[in-house]
1. Quote the accessible area belonging to Lys297 in square angstrom, nearest 10, computed with a 1.4 Å probe and with ligands, DNA and RNA left uncounted.
2. Over 32 Å between C-alpha atoms is what I'm after, so list which of Lys92/Lys297; Lys180/Lys231; Lys293/Lys533; Lys92/Lys533; Lys231/Lys293; Lys410/Lys533 land there.
3. Spin-label point model (7 Å from Cα, Cβ direction): what's the Phe408 to Asn214 distance in nm?
4. Could you derive backbone 3J(HN,Hα) for region 213-218 from the dihedral phi with the Karplus parameters 6.51, -1.76 and 1.60 (θ = phi - 60°), listing whole Hz in sequence and x where the residue is Gly or Pro?
5. Taking H as built 1.01 Å from N, whose amide H comes closer than 5 Å to the amide H of Gly269, not counting residues under 5 places away?
6. Say each of Ser316 and Ala422 gets a label point 7 Å from the Cα, pointing the same way as Cα to Cβ; how far apart are those two points in nm?
7. What distance in nm lies between label points placed 7 Å from Cα along the C-beta direction at Arg477 and Leu365?
8. With Rg and the Kirkwood Rh both taken from Cα atoms, where does Rg over Rh land for region 296-348?
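The values are calculated or read from the model by the stated rules, or taken from the named source; none is laboratory data. Values in this document were obtained by computation on a predicted structure and should not be read as measured data. Don't worry about glycine lacking a Cβ; one is built from the backbone with ideal geometry, like all the others, and counts go over all protein chains shown. For accessibility, only protein heavy atoms count, side chains too; no ligands or nucleic acids. Shrake-Rupley method; radii C 1.70, N 1.55, O 1.52, S 1.80 Å.
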Amino acid sequence: MPAPDERENAMLENPTFVLFAVLALGIALGNIEVKGISLGSSGVLFVALLAGHLGLRVPEGIMGIGTALFVYCVGLGVGNRFFSSLRSKGNKLVLLSVLVVGLAWLVAWLLSAVLGIDAGIAAGLFAGACTSTPALAAATEAVQEGGADSALVNIGYGVAYPFGVIGVVLFVQLLPRLLKQRLDAPAAEEAGHDPCKIIRRVVVVTHPDILGRNINEYLGEGLLHCSITRKVQDDLLLPLDEQDTFTRGMELLMLGERRHLQRDAALIGHVDANRHPRAFGDEKAEVIMLNRKLCNKTLQELNLLHAFGITVSRVSRLGNTFVPSRDTEIIPNDVLTIVGAPEAIRRFSAACGHRSSALNATDILSLALGVALGILLGSVTFSLCGGKGFSLGMAGGPLVVALILGHFGKVGPVVGYMPRPARVLLMELALMLFLAGAGVAGGARLVETLAGQGLSMFLAGVAVTLIPMLVAYVLARKVFHLSLPEALGGVCGAMTSTPALGAITAKTDRQEPVIAYATAYPAALIMMTVLAKLLLEVLA
């Protein structure tokens, strides 16, 4: 019978055991919170660095699998927003992302050249300071393709990442206090003063100018910012009908931001804040938009009340839910909350290609085909004007394929939709697999590198995080004239910092930060992935 020491050594020499031990310990480390701040999934990287320093190993190829799956899931998540953001002329938030990432790259390049920091470390610092794992994956792959040691990239990322997370979180939390501008206003919200909070009220029709007018035609004129989704009869909420007209004393349910609702209600009548009717029957449902013929059109163009007898009260996109206006463009894979008679709901569900299983089911065949196509694309070498060829690699190929699939929804037999819970789970698992492989690979040279360049690396990472944020805030407020919530949300998106967005949303119910983040994030993600490779080439 083997001695206990021999059994322990045998387990430590088992790469599969080491992998899951690193994942478990890393997740436990990432869950530790200090004043609301935690490492999250990146805790795996630091445990893996220690494991690599101790000479432990994980299964070969785990980094490649993690990279391909992670960037593919990221691409699916932002694909339906990315191309539309690029098409929008004068989109201030997309431009803000370009400026922030470009400045971060410039700071990383200048400091690395001045301080004599290795190119691999510089790429890792850039990715870590911007908290961009896809950029880390792209830089790691580029270094490996060049025959160099990718350990330095991982070490640079590990040094810069903690401040990259903490710095952005502290920035969005402390800046409003320093400026004496509050995002949180609990007393105002309770008193009904938060102008951007989504509310619903019963409005009594009394305005003489609209009596006898068709409700659907009136809404189509675009005079209201809010939605009218139902009517009240016998203290019950019922769906609107296309033939419904405004009559004196009629009660309607209005939904929208507080700042707009009071003004819109005055155009119709007055708000009855004491009325709280209840919903009736199964007149509400959630459907997923899969029919391309109905996509990329505004709600005004679709005129769903006339065409199907339903109204849209909510739209869920990229995990965020908002109240649509008549100018809201419906895109593939939007989840619509609709109100209408049961038969109208069934007709519209069939028209938009809704499948109940599509809301929660993952097409494994499409996932496998999509990733395989991405890896194939990444292996293709492109040549510009006879110069040195380049390839998208394991990080770029799946990302491009996923962006295309996320935008179009379906290409041939490959479906570009994955339910958010499944996508987030797979993305987190893939990320941790990649970080485990990257950390173990970098841990072997951890002590040696930190001893030689530790302080300069850390200070460079701090500068790459702070300088772009400060410049971005000034540009957002003074040049683009964004509100404080929009500016902070845009900075979070440009720095791809989800923890910082969480710090903002914990302080306010306003939607501006979330919308700004979702608009700025895709462009920043793509730019970081591309520029991480470019930094290596410039400093080589």
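1. Here the residue's solvent-accessible area equals roughly 80 Å².
2. Too far apart for the 32 Å limit: Lys180/Lys231; Lys293/Lys533.
3. Placing both labels 7 Å along Cα→Cβ, they lie 3.8 nm apart.
4. Ordered by residue, 3J(HN,Hα) equals 7, 5, 5, 5, 5, 5 Hz.
5. Sorted by chain and number, the residues that satisfy this are Thr206, His207.
6. Distance between label points: 1.5 nm.
7. In this crude label model, Arg477 to Leu365 measures out at 5.5 nm.
8. Here Rg/Rh amounts to 0.94.
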